[in-house]
Amino acid sequence: ISAEHLTQRVDETGAGDELDHLAKTLNHMLSGLDAAFRQIRQFSASASHELQTPLTILKGELEVALRSPRRPEEYQAVLTSSLEEVDRIARLVEGLLLLSRAEAGVLKMDRQPVELSQLLEEVVARLKRLADSRSIELRFDPAEQVFIPGDREHLGRLLLNLADNAIKYTDPGGKVLLSLRKEGNSACVRVKDTGIGMAAEELEKVFQPFYRAAEARSQSEHGTGLGLCIARSIAMAHGGNIEVESRPGEGSSFRVILPAGI
């Protein structure tokens, strides 16, 4: 049994004695290790694939630009396109680092009292132009002040990812509605859209790194499949979680639950 052969198992006698119990315990441990190794390999393969695409585009554009002398405006167009690919790589690497730190439990958190209503208004203001360009109604109904202890930057990214994702997969003329309320000792943020929706078997998969549903891929070529995974990681780092309800063709509703300790 080794890292290359984690499918091997210890023979169980079925006698129910201590040795049989030990064999079952070892096999259970090996199953967990096998799943973890497969997940790491899949993650590495997906990350390599996502990095390869912008790097290939970047290399190709620069090679073509250097093949023969060009006018200044042509060089400027190549540099502009190259910068877009560099930004794409930078966002991907930043997301991978955040996920790695979150999983290791070392995500840097500057915990301060954060007023969620104000933060949601800022998110709506940042995404208003994008929503308007797609003829989508983006709205946050003002709510009572709800304070939670957390990192404002990370929480802003969580909410931005959810709202941006909702806009991305909502057809023109649709709606994306954000709401906030306090439920007991928790703050509940809901991001509801009238978009393409998801099948029941996809609801947990969407939080996996690099996962993009077939319908989502057909709607948009952009995106790395890290947004929802990062959002849930940030929520869990704050002691909370994200739940999702969705039906194909009827939209999705993401519910962020965070402990409100203030």
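Quick notes on this one:
- Of the residues making up segment 6-15, those that are open to solvent by less than 100 Å² (accessible area, probe 1.4 Å) and free of Cβ contacts under 8 Å to residues at least 24 places away in the same chain are Q8, R9, V10, E12, G14, A15.
- Any pair with Cβ under 6 angstrom, 6 or more apart, that starts in segment 97-124 at a residue that is more than 14 Å from D151 (Cα to Cα) and ends at one that is open to solvent by less than 50 Å² (accessible area, probe 1.4 Å) and part of a helix (DSSP H, G or I): L99/S233; V123/L159; V123/L160; V123/A163
- Qualifying residue in segment 103-114 (condition: among the small types (G, A, S), modelled with pLDDT of 90 or more and more than 20 Å from G251 (Cα to Cα)): no
- S81 being touching a helix residue (DSSP H, G or I) at 6+ places or on another chain (Cβ under 8 Å) and assigned to a helix (DSSP H, G or I): yes
- Residue in segment 16-27 that is within 24 Å of P209 (Cβ to Cβ) and either surrounded by 11 or more Cβ atoms within 10 Å (Cβ to Cβ) or more than 24 Å from the chain's Cα centre (by Cα) (or both) present: no
- When segment 41-81 is filtered for residues that are of a type in the set (F, W, Y) and under 30 Å from H5 (Cα atoms), only F43 remains.
- The condition (being open to solvent by less than 70 Å² (accessible area, probe 1.4 Å), touching a residue at least 60 places away in the same chain (Cβ under 8 Å), farther than 20 Å from G150 by Cβ and touching a Ser or Thr at 6+ places or on another chain (Cβ under 7 Å)) is satisfied by just one residue among E50, E61: E50.
- Residues of segment 143-173 satisfying the condition of being in contact (Cβ under 8 Å) with a residue 40 or more places away in the chain, of a type outside the set (A, V, I, L, M, F, W, C) and not in a helix (DSSP H, G or I): P149, G150, D151, Y169, T170
- Residue within segment 16-33 that is assigned to a loop (DSSP other than H, G, I, E, B) and in contact (Cβ under 8 Å) with a residue 12 or more places away in the chain present: no
- Residue that is most open to solvent (accessible area, probe 1.4 Å), among those in segment 117-142 that are among the basic types (K, R) and assigned to a helix (DSSP H, G or I): R129
- Inclusion of L33 among residues that are modelled with pLDDT of 90 or more and either farther than 29 Å from S2 by Cβ or surrounded by 11 or more Cβ atoms within 10 Å (Cβ to Cβ) (or both) is not warranted.
- So N161, is it open to solvent by 30 Å² or more (accessible area, probe 1.4 Å) and within 29 Å of R41 (Cβ to Cβ): yes
- Segment 235-262, subset assigned to a strand (DSSP E or B) and in contact with a His (Cβ under 9 Å, 6 or more places away or on another chain), residue surrounded by the fewest Cβ atoms within 10 Å (Cβ to Cβ): P259
- Of all residues in segment 166-202 being among the polar types (S, T, N, Q) and either surrounded by fewer than 20 Cβ atoms within 10 Å (Cβ to Cβ) or at pLDDT below 90 (or both), the one that is farthest from G95 (Cα to Cα): N185
- Residue ID - farthest from the chain's Cα centre (by Cα), chosen from residues in segment 143-158 that are of a type in the set (D, E) and surrounded by fewer than 19 Cβ atoms within 10 Å (Cβ to Cβ): E144
The values are calculated or read from the model by the stated rules, or taken from the named source; none is laboratory data. All figures in this text were calculated on a predicted structure; none of them were measured in a lab. Cβ atoms come from the backbone with ideal geometry, glycine included; neighbour counts cover every protein chain shown. We work out accessible area using only protein heavy atoms, side chains counted, and drop any ligands, DNA or RNA first. Shrake-Rupley method; radii C 1.70, N 1.55, O 1.52, S 1.80 Å.
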